[in-house]
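First the structure, in the form of structure tokens, and then the observations on it.
FYI, it's all coordinate maths here, none of it is from the lab. For clarity, every value in this text was computed on a predicted model and none was experimentally measured. Counting neighbours? That spans all protein chains shown, and the Cβs are built from the backbone with ideal geometry, glycine included.
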Amino acid sequence: MKQVIIIRYSEIHLKGDNRSFFENLLAQNIKRVLTGFMYTLNKISGRYIITDYITADEPQLLMQLQLVFGIHSLSPGFQVKTKVDDIKAIVSKLNISGETFKVVTRRADKSFAIGSMEFSAELGGVVLRNNKDVKVDVNNPAVIINVDIREDGFTYISTVTTPGANGMPSGSSGKGLLLLSGGIDSPVAGYCMAKRGMSLNALHFYSFPYTSKQALEKVKTLAKRLSEFSGEINLYTVPFTFVQEQINKNCNKDYMIIVMRRIMMRIAEKLAAKNGCGAIISGESLGQVASQTLESITVTNALVRSMPIFRPLIGSDKQEIMDTARKIGTYDTSILPYEDCCTVFLPKNPVTRPNLDRVEKEESKLNIAELVDICVSKAEHEIIN
Amino acid sequence: MKNKFVYLDNAATTPILAEAAAAITRADEELFFNPSAAYGQALEVKKRLDDASKKLLESLGAKGYGIVFSSGATEANNLIIQGGMKKNKQLIISAGEHPSVYECAKTLKNNGTEVLYAPLNKDGTTDLNWLRANVTSKTGLVSIMHVSNETGAINNLTEIVKIVKKVNSACIIHSDGAQAIGKTDVNLAASGVDAYTTSAHKFGGPKGVGALIVKNGIGVKPIVFGGGQQRGLRSGTENTAGILGMCKAAEIAIKGCLNNRLLYTEFKKIFLETLDKNRVEYKLNSCLNCVPGIVSLSFTGLKGEVLLHMLEEHDILIGTGSACSSKAPDNRTLKGMGRSNGEINGAIRISFGVCNTSAEVRQAAAILADAVKKLEDSK
């Protein structure tokens, strides 16, 4: 008998011939979050099993595994040779006194002679004999005893199942460049795409002295938290003050934000292409602020032709985004009161329904190509992990 | 001390004085014994602590007072407010108090204590007419800071004591003096306050040590429990090195107070004259009677924090009047003085220290003037 953690995958089991690609990535990601722990990782059909770990580490191992995309659920439990008496011996030791329960047997190993229902009933009898005040409740039990008879000759017994992060293993869906501002939305957008298997690069524009060094540090803290889910993040920080000063000096102030965002998109597209990213990721949510109206998004979107811009939060309410930010542990950092570059030179009446001709007219007052090239060349790179 | 930067944020904290640092090192090496232990070395430590306390009390004119060392002003303020307030009594604090008083009062208020906030005058001092009209036999404790950390405004402690004691002689009068030592004269017995807070790192001492000085006979209950050190008022092994470092720094700061005042008055003059010469418009939040070491000024329509960072680019470090926020300004003191949102957002705080020179101050003002002009131009 061995103490184990049973890892069940989410969508991977639906994959066909390339299933092993996803499974290998999942194993790599599991190893990444368990760096520093002692354990053995084994693969059996449709599951990963962790064994040979220190019992006291189990809560921490479970917590780390909950960061891994591609895991559907986790159960700490026991591994025992598939022999009726051995299984019964384990079940007889389960202490669930005072609870309602049911036994669920899964028989992936069809060579096991007893039928699932029949074996569940037999094991139920074992539980009733060995615990006080227990009652079978098949509809709404407090404890479900899972008995998983696998093809590897072992049976896995568990009573607790913790949900995993779900989604697809990091690195299975290409690489995207996340526009990371330091606010609440962009880290959540990064999380959403990482959940779909995307590796992340991140791009932050900073405006010292209009914003503080603390604001830049905050972005690094957010990237660090995201990297716990997504794996290593290449963070690019771009000094943006001189661009804002140029726009402020030369363009109509009401167009400040839209011109600024279009320049940011141009820089993002260039940096993304240069670093092998296949998409730009933005935390925009329709109608949230002036630059996120349909018209504004149309005008910023029109520029980027070589890759898609993913906006996973486009249909989410602020409250929903805040809830996710809390869940993934970025909210408390995001609300630290340091301004990001978007609030610098904020016009009193930003245009909410810009048209492309007018925006292009404002842009013609600037040497955009030069500004973009300067920014790309000045981007500083840091690996966050 | 030679630095690559010009440090003009001495109201936030000061660099440690060499003499205080030396006292700390010496104490750590030679006086590490637990003063509560039963052997002779411990007794020696206790004596040294007692001597240092006695000297500190003497230098603050605190005859008839005792001292409770703490981890700083925040703990000292909490001790007197939480430990000095009696049930069903009312608490009065000024609207411009430091968060360590303000938040402590808020917690009591949330637990059912009646708290009144004495408004500020336009010059940043507490409105004593309001106090005269509102203090009653119900008032259990009045806490009004000696020197404002935001503007340097000095409250007249003697007058406050007179007003309160006339109506209610049993009321405890506390003053947070974290910004006072070394900047203005402190004579506790002459003022008559019952309790007074100090903080070492504001006058060249180490961080993590402060004190509550309490008149003998004033009833204060402890808020930290344990081994019963410091007459049971603050359990925990005494921070010998920190306390000796603090007392050394206090000795120097108090001795140098008059000279420092003259020096800072000169600095303030140079600073404002340089701004005037550069034709920069500002509104002074620090009045003529404020301590000269703290100068708060507003550049209406600009952001104080942006100015801070523009100076930071030139290695000049100053404070803001308001935490950076594109939302509502959050400076209670300036708000209490009737300043507009624009004035609050555009406020900065310059605070001088013994390490500064006239040349540094002149240079900082000139660079500030350039920064203001640059921001004005980009509006």
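Leaving out same-chain residues fewer than 8 places away, which lysines sit with a Cα under 27 Å from that of B:LYS379?
Cα-Cα hits under 27 Å: A:LYS213, A:LYS249, A:LYS253, A:LYS348, A:LYS361, A:LYS365, A:LYS378, B:LYS277, B:LYS283, B:LYS303, B:LYS327, B:LYS335.
Mind checking which of A:ILE335, B:THR158, B:LEU31 is farthest towards the positive end of the protein assembly as shown's charge dipole, using Cβ charges of +1 (Lys, Arg) and -1 (Asp, Glu) about the Cα centre?
B:THR158
³J(HN,Hα) across segment B:18-25 via Karplus (A = 6.51, B = -1.76, C = 1.60, θ = phi - 60°), whole Hz, x for Gly/Pro?
Using θ = phi - 60°, the values come out as 4, 5, 5, 4, 5, 4, 5, 4 Hz.
Determine the gain in length on full extension of the stretch B:SER378-B:LYS122; use 0.36 nm per residue of separation and subtract their C-alpha separation, reporting nm with one decimal. Write out the running numbers ahead of the final one.
Values: separation 256, 0.36 × 256 = 92.16 nm, distance 3.13 nm.
Working it through step by step, the gained length comes to 89.0 nm.
Shielding by partners for A:240-249, please: the mean number of other protein chain Cβ atoms within 10 Å of each residue's Cβ.
1
Under 27 Å between alpha carbons, and skipping anything fewer than 8 positions from A:LYS195 in its own chain: which lysines qualify?
Cα-Cα hits under 27 Å: A:LYS15, A:LYS31, A:LYS43, A:LYS175, A:LYS218, A:LYS220, A:LYS224, A:LYS270, A:LYS274, A:LYS318, A:LYS327.
In whole Å, what are the Cα extents of chain A along the three principal axes, biggest one first?
Between the extreme Cα coordinates on each principal axis of chain A lie 84, 37, 34 Å.
Could you give the size of the charge dipole of segment B:257-377 about its Cα centre, using +1 on the Cβ of each K and R and -1 on the Cβ of each D and E, expressed in debye and rounded to the nearest 20?
With only Lys, Arg, Asp and Glu charged at Cβ, the dipole is about 440 debye.
Just counting partner chain Cβ atoms within 10 Å, what average do the residues of peptide A:205-211 show around their Cβ?
Rounded to a whole number, the mean comes out at 4.
Given charges of +1 on the Cβ of Lys and Arg and -1 on the Cβ of Asp and Glu, with all other atoms neutral, how large is the dipole of segment A:248-304 about its Cα centre, in debye to the nearest 20? Can you show the working numbers first?
Values: 7 positive and 4 negative charges, 62 e Å.
The calculated dipole for segment A:248-304 is roughly 300 debye.
Would you mind getting me the FRET efficiency between A:THR298 and B:PHE5? Use the beta-carbon distance for r and R0 = 56 Å, nearest 0.05.
Details: r = 48 Å, r/R0 = 0.85.
It comes out at approximately 0.75.
Among A:ILE383, A:THR211, A:MET256, whose Cα lies farthest out toward the positive end of the dipole of segment A:175-384, if unit charges sit on the beta carbon of Lys, Arg (+1) and Asp, Glu (-1)?
A:ILE383
In Å and on Cα atoms, what radius of gyration and Dmax does segment A:2-163 show?
Every Cα atom of segment A:2-163 included, Rg and Dmax give 16.3, 50 Å.
Given the options B:THR14, B:THR113, B:THR139, state which has the largest fluctuation in a GNM of chain B using a 10 Å cut-off (strictly under) for Cα springs.
Greatest mean-square fluctuation among the candidates belongs to B:THR113.
How much FRET efficiency would the formula 1/(1 + (r/R0)^6) give for B:ASP315 and A:MET63, where r is the Cβ-Cβ distance and R0 is 60 Å, rounded to 0.05? List each step's numbers first, then the result.
Values: r = 44 Å, r/R0 = 0.73.
The pair B:ASP315/A:MET63 has a calculated efficiency of 0.85.
Given 0.36 nm per residue, what is the gain on full extension from B:LEU262 to B:ASN216 after removing their alpha carbon distance, in nm? Intermediate values should be presented prior to the final figure.
Numbers: separation 46, 0.36 × 46 = 16.56 nm, distance 3.45 nm.
Gain on extension, B:LEU262 to B:ASN216, equals 13.1 nm.
Determine which lysines satisfy two conditions relative to B:LYS89: a Cα distance under 21 Å, and not lying fewer than 8 residues away in the same chain.
In chain and number order, the partners are B:LYS106, B:LYS109, B:LYS138, B:LYS162, B:LYS165, B:LYS166, B:LYS215, B:LYS221.
Plugging the Kirkwood radius over Cα pairs into Stokes-Einstein for the protein assembly as shown, at a temperature of 4 °C and a viscosity of 1.567 mPa s, what D comes out in µm²/s?
The estimated diffusion coefficient comes to 42 µm²/s.
From the P(r) of segment A:66-158, can you give the percent of Cα pairs sitting at distances over 20 Å?
In whole percent, the long-distance tail amounts to 36.
Give the residue from B:MET145, B:SER199, B:VAL220 lying farthest towards the positive end of the charge dipole for chain B; charges sit on Cβ (+1 for Lys and Arg, -1 for Asp and Glu) and the dipole is referred to the Cα centre.
Going by the charge dipole, the pick is B:VAL220.
Just for the Cα atoms in chain B, what are the lengths along the principal axes, largest first, rounded to whole Å?
Result for chain B: principal-axis Cα extents of 69, 51, 34 Å.
Just A:ILE184, A:ILE44, A:ILE321 to compare: in a GNM of chain A, with alpha carbon springs under 10 Å, which one fluctuates most?
The residue that fluctuates most here is A:ILE44.
Pairs of Cα atoms under 8 Å, at least six residues apart: use those to get the relative contact order of segment B:140-229, whole percent.
Reported as a whole number, the value is 24 percent.
What is the dipole size for segment A:278-385, taken about its Cα centre, with +1 at each Lys and Arg Cβ and -1 at each Asp and Glu Cβ, in debye to the nearest 20?
260 debye
As a test, work out the antiparallel percent of DSSP beta bridges whose residues both lie in segment B:18-255, rounded to the nearest 5. Mind showing how you got there, number by number?
Details: 13 of 28 bridges.
Just about 45 percent of them are antiparallel.
Whats the longest run of chain A with zero trypsin sites (Lys or Arg not before Pro) that are DSSP loop and have at most 15 other Cβ atoms within 10 Å?
A:133-304
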